[in-house]
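Notes follow once the structure below has been shown.
Since every read-out is calculated from the coordinates, none of them should be taken as a lab result. These figures come from a predicted structure and were not determined experimentally. Neighbour counts run over all protein chains shown; Cβ positions are idealised from the backbone, glycine included.
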Amino acid sequence: MASRLPSLNGLRAFECAARHMSFTQAAIELNVTQTAISHQIRRLETELGVPLFLRLKEGLALTQQGQCYLPGVRSAFAQLRRSTDALLGARNTLTISTLVSLGSKWLLPRLASFRAAFPDIDVRVTASTDWVDLRKGGVDAAIRYGTGDWKGLHADWLMTDEIFPVCSPELLSGPKALKSPADLARQTLLHISGVTDNDWNLWLSAASQPVALASQSRLTFDLAMLAVQAAIDGLGVCIGRSTYVDEDLKAGRLVAPFDLRLKSEYGFYLVTPLETANDPKIVAFKTWLMAQMRPEQDLQTQ
């Protein structure tokens, strides 16, 4: 006996409401009333014979059946959108979310080579200090920093960081010249708040220096790119991460005054929704990213 497909309007309402976890937001996106969304979803639940949402005082929640059903429905709509774009000859757009400093200091200098390799893919980069919710749509993939364990998402490891001080070449000479880690006591230390806030303590401990140095004369920034620029401008010594400072080291705008480098316990990952991880444009971007990683990984192992 052939299976009967449920109402397409009901499926659209379900996918949209599940993405927003709100009937009101789904109604706004689909340009209908909230009552219409509610009726469409109730009709869908009746057709399927199972509840998809729990209507709670504090808001919506998916039932176990709804959680199982959503990935397939979301994947089906994504495939419909891709097929329609291909039929109409629409440009293939890849939207990437990345951290602000990673985007400006690492990704953008390399992006021209991706455009040269895949000229049929338009790239849209969004940068933020906050993580975006990939399950809500609008972003195809994100470069995230962490341990790679994000529920409901596919994560491909890209690279890790090395932690070490960097400064302007000017600080290597003069009355306060940096000759050894102990000389940091005479310098302003540039800090980066957030997940890297403890970097100076980790490095100073590894260098057998008192961590109290990290509490001396200091400037703190919420973006790595600002701290790196402050170091370039000679305002102090920045606790750098290789991802953010390698280009400036190669260009001579910064120098690493000491040999000691620490491996970070975290890494950068390309993160995608499970149902779209094999989308051709995402696979193309991942393949290109992996190729960008190889020269740097080879240098780190030498």
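Using only the Cα atoms of the chain, each taken as one equal point scatterer with no solvent, compute I(q) by the Debye sum, divide by I(0), and report log10 of the ratio at q = 0.10 Å⁻¹. Here the Debye-derived log intensity ratios amount to -0.70. Under 10 Å, Cα contacts only: if you run a Gaussian network model on the chain, which one of 15, 247, 29 comes out with the highest mean-square fluctuation? It is 29. Over the chain, DSSP H runs of length four or greater, each weighted -39,500 (n - 2.57), average out per residue to a 222 nm ellipticity of -12500 deg cm²/dmol. Taking a ≥ b ≥ c as the square roots of the Cα gyration tensor eigenvalues, region 161-264 comes out rounded, since a/c falls below 1.5.
Couplings 3J(HN,Hα) of region 47-52, computed from phi: 4, 7, x, 9, x, 9 Hz, in residue order, whole Hz [Karplus 6.51 cos²θ - 1.76 cosθ + 1.60, θ = phi - 60°; x for Gly and Pro]. Applying a DSSP loop filter and a limit of 16 other Cβ atoms within 10 Å to the trypsin sites (Lys or Arg not before Pro) in region 95-158 leaves 151. Non-local lysine pairs in the chain, meaning eight or more places apart or on different chains, with alpha-carbon distances under 22 Å, amount to 9.
When the Gaussian network model of the chain links Cα atoms closer than 10 Å, the mean-square fluctuations of 239, 37, 143 top out at 37. The stretch between residue 201 and residue 43, if pulled fully straight at 0.36 nm per residue, gains 51.0 nm over its current Cα-Cα span.
In a simple Cβ point-charge model (Lys, Arg +1; Asp, Glu -1; nothing else charged), region 8-87 has a dipole of about 20 debye relative to its Cα centre.
The dipole here belongs to the chain: it is taken about the Cα centre, uses +1 on the Cβ of Lys and Arg and -1 on the Cβ of Asp and Glu, and is about 680 debye. Here the relative contact order of the chain, from alpha carbon pairs under 8 Å that lie six or more residues apart, stands at 21 percent.
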